[in-house]
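Below is one structure, written out as structure tokens, with a few remarks after it.
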Ligand code: ADP
């Protein structure tokens, strides 16, 4: 809490009293605000040069493919892959600023959850040598929502599941419906580090990372789950975690089904 007292003056400038203002500026709130401001500025500054780098890389890739220069094509493809990762990070940073200003837009349509799950699993599997991603139980379920944003949530949960389970070799994705058939449930289960109970309620907060000091092996900004939570809430759903330290975690995404 911060207290400030300012004088209250009459029309001739004489002090006739004092106004006491108590502000609850917790350290955390102030830190979050500083990080928000920095992230907003940095992401806007980075977006343009990285987008043009990506463009140049595409032009070069096309040229060297025409010349059948396999070595250069391989290097440029890797460069392109790394640029995609950077662009994903920057877009996440931009999302934070857009969410904070209440301007994240949703373009809703009816779509099948199953095909989105299939697509994202295939995309992540393409770049993952260490883990096999298994899809289990798939009743056909349709929801009404922003397909790109739901894809983003799934992508985040899957990449986290792989990132935080370095000793495991499998991740399971399940699509279910709840017992009264009003919600779709997508579960992403890993067999990795797990999350201690005391941290579980905080991980959806922005910038929150479990054991930040030990997290050097797991790069990240602690904003992915915050964005997921925000997107899912705006779809009338919710996201939760069940986890045991040392055994693994299951993230569950509950989304209202499209009414029949
Ligand atoms: P980031 O991964 O960039 O740190 P997230 O917002 O995605 O940010 O996750 C917040 C924190 O929650 C992570 O730093 C990590 O400590 C924890 N976490 C997220 N997913 C998992 C998981 N599948 N297993 C264990 N810990 C996780």
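Where a number appears in this text, it was derived from the coordinates with a stated rule and is not lab data. Not measured: the values here are computed from a predicted model. Please note: Cβ atoms are built from the backbone with ideal geometry, for glycine as well, and neighbour counts cover all protein chains shown.
Residues that are more than 13 Å from the ligand (Cβ to nearest atom) and touching a helix residue (DSSP H, G or I) at 6+ places or on another chain (Cβ under 7 Å) within segment 236-245 comprise just one, 238. Would you confirm whether any residue within segment 51-63 is loosely packed, with under 14 Cβ neighbours inside 10 Å and touching a residue at least 12 places away in the same chain (Cβ under 8 Å)? So far as segment 51-63 goes, yes, one or more of its residues are loosely packed, with under 14 Cβ neighbours inside 10 Å and touching a residue at least 12 places away in the same chain (Cβ under 8 Å).
The set of residues in segment 246-260 being within 16 Å of the ligand (Cβ to nearest atom) and in contact with a helix residue (DSSP H, G or I) (Cβ under 8 Å, 6 or more places away or on another chain) consists of 249, 251, 253. Within the option set 92, 45, being surrounded by 10 or more Cβ atoms within 10 Å (Cβ to Cβ) and under 17 Å from residue 221 (Cα atoms) holds for one residue only, 92. Against the test of being more than 16 Å from the ligand (Cβ to nearest atom), in contact (Cβ under 8 Å) with a residue 24 or more places away in the chain and under 27 Å from residue 218 (Cα atoms), the options 116, 121 yield a single qualifying residue, 116.
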